[in-house]
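The block underneath contains the structure these notes are about, expressed in structure tokens.
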Amino acid sequence: MSKIEPFKKRMGWRFCLGLVVRDRLQLRPHRASFTPGEMAKGKVEYNFDLVEFPSAEAPGISVFYKDKSGNLFHTYSAYARGTENVVNTYNYLDLVPKGRDEDALPFTMSWVRHHDRYADGYLADADKPYWPAEATPAR
């Protein structure tokens, strides 16, 4: 929360953010977040396959259901391009004549910035583990 609260303020968010953590594993997205030990093996289990992945965090959506007895069920997961339906920006871009207009970009996600970072050119992912060197601003 010490990192989340300042970021929330910077973004101008007014909604409540809170976590109740009983187990450290609750903080890790289901098979979309990898430990240093998993990364050290060279391949991680992601998108129903064993693959090389350049970052400890990957796109993923999981849905769980808890019944009246407290049993927890994993009911759905989507990874990689399967998560685009919740990135509302894509929903709108896919409606316009030029679509996502990614052809001239160094890579498809190079337009992603936090709202206060468009002018300075900084990318959203400070670690930039999978961003091509030519797409990373020299800062």
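Since every read-out is calculated from the coordinates, none of them should be taken as a lab result. Not measured: the values here are computed from a predicted model. Cβ atoms come from the backbone with ideal geometry, glycine included; neighbour counts cover every protein chain shown.
Normalised by the number of residues in the range 25-108, the mean separation of alpha-carbon contacts (under 8 Å, six or more apart) gives a relative contact order of 20 percent. Computed 3J(HN,Hα) for the range 100-115, one whole-Hz value per residue from the Karplus formula 6.51 cos²θ - 1.76 cosθ + 1.60 where θ = phi - 60°, is 6, 6, 8, 4, 8, 7, x, 7, 4, 9, 5, 7, 6, 9, 6, 4, glycine and proline marked x. Each label was represented as a point 7 Å from its Cα along the Cα-to-Cβ direction; for Lys66 and Ala104 these points are 5.0 nm apart. Its Cα gyration tensor gives the range 33-92 an equivalent ellipsoid. The semi-axes, each the square root of 5 times an eigenvalue, are 24, 20, 9 Å from largest down.
Between Ala119 and Thr83, what FRET efficiency comes out of the Förster formula 1/(1 + (r/R0)^6) with R0 = 41 Å and r the beta carbon distance, rounded to 0.05? Intermediate values should be presented prior to the final figure.
Numbers: r = 28 Å, r/R0 = 0.68.
The computed FRET efficiency comes out at 0.90.
Annotation: lysines with alpha-carbon distance below 25 angstrom to Lys9 (same-chain offsets under eight excluded): Lys128.
For the range 30-109, applying the loop criterion from DSSP together with a ceiling of 13 other beta carbons within 10 Å to the chymotrypsin sites (Phe, Trp or Tyr not before Pro) yields Phe48, Phe107.
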